[in-house]
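Chemist: Following this message is one structure expressed as structure tokens.
What follows draws every value from the coordinates through simple rules; no lab data is involved. Since we're looking at a predicted model, the values are computed, not measured. So basically every Cβ, Gly included, is an ideal-geometry build from the backbone, and we count neighbours across all protein chains shown.
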Amino acid sequence: MNDLESIIRENEAERQRLRELTARLTDEDLGTRLSNGWTVAGALAHLAFWDWNQLSVLRQWEPGHEKVIPMDVQAVNEAIHQSSKKIPPRQAITMALLAANEVDGEVERIPKELADLILLKGQERLIHRAPHRRNHLDKIEKSLRHS
């Protein structure tokens, strides 16, 4: 199990990686198709949505009133995929960076006791955003190397 300090460090590392990657993306790169059929811009919009979603759920958590919101992740991802096609590609960069900054900032401010409770309840993904970012950034970098 991770502790809050290591989660914060890992989130920051992947947020920095996101900054560095998006700073060098060209318009052509943003339109590159990933192995799952999404574009790079679509994957960035996906990251933004899930960071903002987790931020929203995290802000509702308080001891004794834990929020575990079940959802059909595949259906939500398909909705994100469809709506991401309507977002200007450069806007997807802005959204991904803003969402990452906001959720990581919230994680940095939560009390250790709340973080421990979230981890105890098996809801680590609310505060540990790095693995989700890493997964998508790996896919983006791999696709750009092969395009």
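Chemist: For residues in segment 1-45 being among the polar types (S, T, N, Q), in contact (Cβ under 8 Å) with a residue 40 or more places away in the chain and not in a helix (DSSP H, G or I), which is farthest from Asp138 (Cα to Cα)?
Modeler: Let us first name the residues in segment 1-45 that are among the polar types (S, T, N, Q), namely 2, 6, 11, 16, 22, 26, 32, 35-36, 39.
Now narrow it down to the ones that are in contact (Cβ under 8 Å) with a residue 40 or more places away in the chain: 2, 11, 22, 32, 35-36, 39.
Okay, now just the ones that are also not in a helix (DSSP H, G or I), so 2, 32, 35-36, 39.
Numbers: Asn2: 22, Thr32: 14, Ser35: 12, Asn36: 13, Thr39: 14 Å.
Residue satisfying both the conditions and the ranking: Asn2.
Chemist: Grab the helices (runs of 4 or more DSSP H) fully contained in segment 70-139, keeping just those with 3 or more residues being more than 28 Å from Arg24 (Cβ to Cβ). I'd like the intermediate steps shown before the answer.
Modeler: Working: elements: 73-84, 89-109, 112-120.
In segment 70-139, 73-84, 112-120 are the helices (runs of 4 or more DSSP H) which contain 3 or more residues that are more than 28 Å from Arg24 (Cβ to Cβ).
Chemist: Name every residue in segment 115-125 that is closer than 12 Å to Leu58 by Cα and surrounded by fewer than 18 Cβ atoms within 10 Å (Cβ to Cβ), in order of residue number.
Modeler: Hits for segment 115-125 are Leu117, Glu124, Arg125.
Chemist: Can you name the number of the only condition in (1) exposed (fewer than 11 other Cβ atoms within 10 Å of the Cβ); (2) within 25 Å of Asp116 (Cα to Cα) that Glu20 fails?
Modeler: Tallying (1) exposed (fewer than 11 other Cβ atoms within 10 Å of the Cβ); (2) within 25 Å of Asp116 (Cα to Cα), Glu20 fails exactly one: (2).
Chemist: Of the residues His81, His132, His128, His146, which single one is crowded, with 20+ Cβ neighbours inside 10 Å and not polar (S, T, N, Q)?
Modeler: Details: His81 fails: crowded, with 20+ Cβ neighbours inside 10 Å; His132 fails: crowded, with 20+ Cβ neighbours inside 10 Å; His146 fails: crowded, with 20+ Cβ neighbours inside 10 Å.
After applying the criteria, what remains is His128.
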